[in-house]
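To start, the structure itself, in structure tokens.
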Amino acid sequence: MLLRRVTLHQLKIFLSLARHLNMTRAAEELHMTPAALSIQIKQLSGTVGAPLHEQIGKRLFLTETGRLVYAAALDVYDRLERLATEVAADRALERGSLRLSIITTAQYFAPHFLGAFCKKYSGIEATLEVANRDQLIERLKQNLDDLYIMGQAPDHLSVVARPFMENPLVLLAPADHPLASQRDIAPEQLAQEPFIMREPGSGTRLAAERFFEKHNIRLKIRMTLGSNEAVKQAVAGGLGLAVLSGHTLTLDAASGAFAVLDVRGFPLRRQWYVIYPAAKQISPVARAFLDYITKEGASRSPATGD
Ligand code: PGA
């Protein structure tokens with residue numbers, strides 16, 4: 001029995017026949033001739049491998065197999081109906097899921113955007129993954145998430161990268177540092193200062209390295225730490241200066257532990273990007289989040305000491 005050959009068209013015709021138990025009326029309902037209807041039913045019966053109806057006197061009855069096919073056809077059409085409702089709900093953002101992967105520094109703002117978005121669309125279930133750049137690129141290659149947030153698009157992959165918010169990098173010092181009260185500090189003045197750096201591969205570190213290379217300054221790196229919070233603690237503890245995203249200061253702005261130094265060329269101007277593979281068909285939910293964060297991001301800027 002090659003049931004996979006059964007077509008939706010045949011099931012639809014059979015449903016009509018089973019409801020009317022009358023060839024002519026079923027054909028009328030479907031705007032086809034009784035002969036064409038009869039051919040389709042014969043083909044269906046041939047595929048199933050047993051008669052689906054029988055004529056006794058003037059009346060038409062379903063056979064036992066016919067009743068099984070009728071129940072199955074109802075199931076199939078029921079499922080398609082539900083699918084139509086689900087797709088409509090998805091489009092209307094009444095339900096659906098959003099998988100977002102973000103780079104470490106984005107954890108200072110991305111949950112906020114995501115929280116507000118989920119509040120607006122309460123039927124949406126969101127998951128948020130925080131990872132370093134290498135892990136994020138690996139996830140992107142494997143197409144594990146709907147969207148990615150990072151400070152720089154990977155240049156060796158074909159992606160769509162939409163900038164949505166500024167990411168100014170500031171030069172951070174402990175509040176009581178002698179340079180804290182100076183204005184217009186020349187970058188060269190920093191050459192003798194110990195620096196706390198983020199780990200290799202961090203977008204923040206990369207941007208800082210580029211800046212100092214451009215000014216031919218070899219930094220004295222006292223320590224390399226793998227998280228923004230650890231770097232901030234080291235700076236607050238007086239171990240050195242650091243270049244960090246202004247977003248990392250959002251919660252400490254009023255703490256008085258840090259000073260943002262007024263160094264020429266700072267803040268370094270970077271952008272945050274929402275990224276997805278160029279070939280990806282992004283879901284209606286992901287599209288809505290993309291539009292939401294682009295609109296909201298434009299109106300937000302973190303502390304830069306400007
Ligand atoms: P991070 O910053 O990699 O230093 O956390 C994000 C980025 O700038 O890409």
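Read-outs: derived from the displayed coordinates by stated rules, not from any lab. Note that the structure is predicted; figures quoted are calculated from it, not measured. Reconstructed Cβ throughout: ideal geometry from the backbone, glycine too, with neighbour counts over all protein chains shown.
Computed over the chain, the Cα gyration tensor eigenvalues convert (square root of 5λ each) into semi-axes of 68, 17, 14 Å, ordered from largest to smallest.
Counting only the Cα atoms, segment 1-64 fills a convex hull of 77 Å³ per residue.
Which FRET efficiency value, to the nearest 0.05, is calculated for residue 295 and residue 12 with the Förster distance at 45 angstrom and r the Cβ-Cβ distance? It comes to 0.50.
Using the count of nearby Cβ atoms within 10 Å as a rough guide to exposure, how do 93, 261, 17 rank from fewest to most?
Working: 93 19, 261 22, 17 27.
With the fewest neighbours first, 93, 261, 17 line up as 93, 261, 17.
The C-alpha atoms of the chain define a longest principal axis, and helix 8-20 lies at about 50 degrees to it. Taking the longest Cα principal axis of the chain as reference, the axis of helix 64-91 is set at about 30 degrees.
Full extension of the chain between residue 218 and residue 120 yields a length gain of 30.4 nm, computed as 0.36 nm times the residue separation minus the alpha carbon distance. In plain terms, the C-alpha convex hull of segment 169-260 casts an average shadow of 5.5 nm² when viewed from every direction. When Rg and the Kirkwood radius Rh are both evaluated on Cα atoms of segment 1-123, their ratio Rg/Rh stands at 1.32. Fully extending the segment from residue 191 to residue 160 would add 7.3 nm, taking 0.36 nm per residue of separation and subtracting the current Cα-Cα distance. Spatially close Lys pairs in the chain, defined by Cα atoms under 28 Å apart and a spacing of eight or more places or different chains, total 12.
3J(HN,Hα) couplings calculated from phi for segment 102-114 with the Karplus curve 6.51 cos²θ - 1.76 cosθ + 1.60 (θ = phi - 60°) are, in sequence order, 10, 7, 3, 5, 6, 5, 6, 9, 4, x, 5, 4, 5 Hz; Gly and Pro show x. Would you mind pulling out the separation of the Cα centroids of segment 239-294 and segment 98-156, in Å? Between the Cα centres of segment 239-294 and segment 98-156 lies a distance of 13 Å. Modelled label positions at residue 65 and residue 141, each set 7 Å beyond Cα in the direction of Cβ, lie 5.4 nm from each other. Put in line by how crowded their Cβ is, counting other Cβ atoms within 10 Å and starting with the fewest, 185, 221 read 221, 185. For segment 3-91, the dipole from Cβ point charges (+1 on Lys and Arg, -1 on Asp and Glu) about the Cα centre works out to 220 debye, to the nearest 20.
Here's the picture: charge each Lys and Arg Cβ at +1 and each Asp and Glu Cβ at -1 in segment 166-306, and of 290, 263, 173 the one pushed furthest to the positive end of that dipole is 290.
Residue ranges 240-246, 98-104 sort as 240-246, 98-104 when ordered by packing (mean number of other C-beta atoms within 10 Å per residue, highest first).
Label point of residue 269 set 7 angstrom out along Cα-Cβ; within segment 145-183, amide nitrogens under 16 Å from it belong to 163-170. Using every alpha carbon pair in segment 92-187, what percent of pairs falls into each 10 Å bin from 0 up to the bin containing the largest distance? In order of increasing distance, the bins hold 13, 36, 26, 16, 9, 2 percent.
Relative to the longest principal axis of the Cα atoms of the chain, the long axis of helix 203-214 lies at roughly 40 degrees.
Computed from the Cβ-Cβ distance with R0 of 25 Å, the FRET efficiency linking residue 55 to residue 82 stands at 0.10.
Applying the Karplus relation 6.51 cos²θ - 1.76 cosθ + 1.60 with θ = phi - 60° to segment 158-164 yields 3J(HN,Hα) values of 8, 10, 9, 10, 10, x, 9 Hz, where x marks Gly and Pro.
List 148, 77, 292, 273 from most exposed to least, where exposure is judged by having the fewest other Cβ atoms within 10 Å.
Ordered by Cβ neighbours within 10 Å, fewest first: 77, 292, 273, 148.
With the cut-off at 26 Å, report for segment 112-265 the share of all Cα pairs above it, as a whole percent. Beyond 26 Å sits 36 percent of the P(r) for segment 112-265. With coordinates expressed along the principal axes, the C-alpha atoms belonging to segment 197-306 extend over 48, 32, 26 Å, beginning with the largest.
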